[in-house]
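Visitor: One structure, as structure tokens, below. Some questions next.
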Amino acid sequence: MKGLIIKDLLTVINNGKGLLLMMTILAVAIVPTQDLASFVIAGIAICSMMSITSFSIDHQSEWEKFALTFPIKRQDIAKNKFITLVVFVLIGVILSTIIGGLIALIIGKIPTF
């Protein structure tokens, strides 16, 4: 099960540079006009969509056929997707708080939640 979670994280990390760029641009747009909490919510939504990216990558590579050859249950594969969703949400909270806080400090706006 741990290997499945690591596989999902590693496949999505390749898209990490684009995610960081998108979150930074969004922070520059949202933090000055609204508050940090709005950006944190948007960041969580963006990072949770990375779970959908994981589904897409698995579908394109036909990973489901390969996964059924492993000695694991289908329920464990489904649990893995939910666990990775939770991990991506936590990453979203951390990244959006850090990026939004940095942008707020750069523009001189006091971060509020």
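What follows is calculated from the coordinates using simple rules that are stated; it is not laboratory data. As the structure is a computational prediction, the values presented were derived from the model and not from experiment.
Visitor: Which residue, I46, I25, I103, has the most motion in a Gaussian network model of the chain that connects Cα atoms within less than 10 Å?
Guide: I25
Visitor: Output the relative contact order of segment 36-113, whole-number percent, from Cα pairs under 8 angstrom with separation of 6+ residues.
Guide: Reported as a whole number, the value is 58 percent.
Visitor: Let me ask something else about it. Filter the chain for me: DSSP H helices, axial length by Cα at least 27 angstrom, mean Kyte-Doolittle hydropathy not below 1.6. List them by residue number.
Guide: Flagged H segments are 74-107.
Visitor: Eigenvalues of the Cα gyration tensor times 5, then square-rooted: what semi-axes does that give for the chain, in whole angstrom, largest first?
Guide: Its equivalent ellipsoid spans semi-axes of 34, 12, 9 Å.
Visitor: So if I take the centroid of the Cα atoms in segment 75-94 and the same for segment 1-28, what is the distance between those two points in Å?
Guide: Here the two parts' Cα centres lie 12 Å apart.
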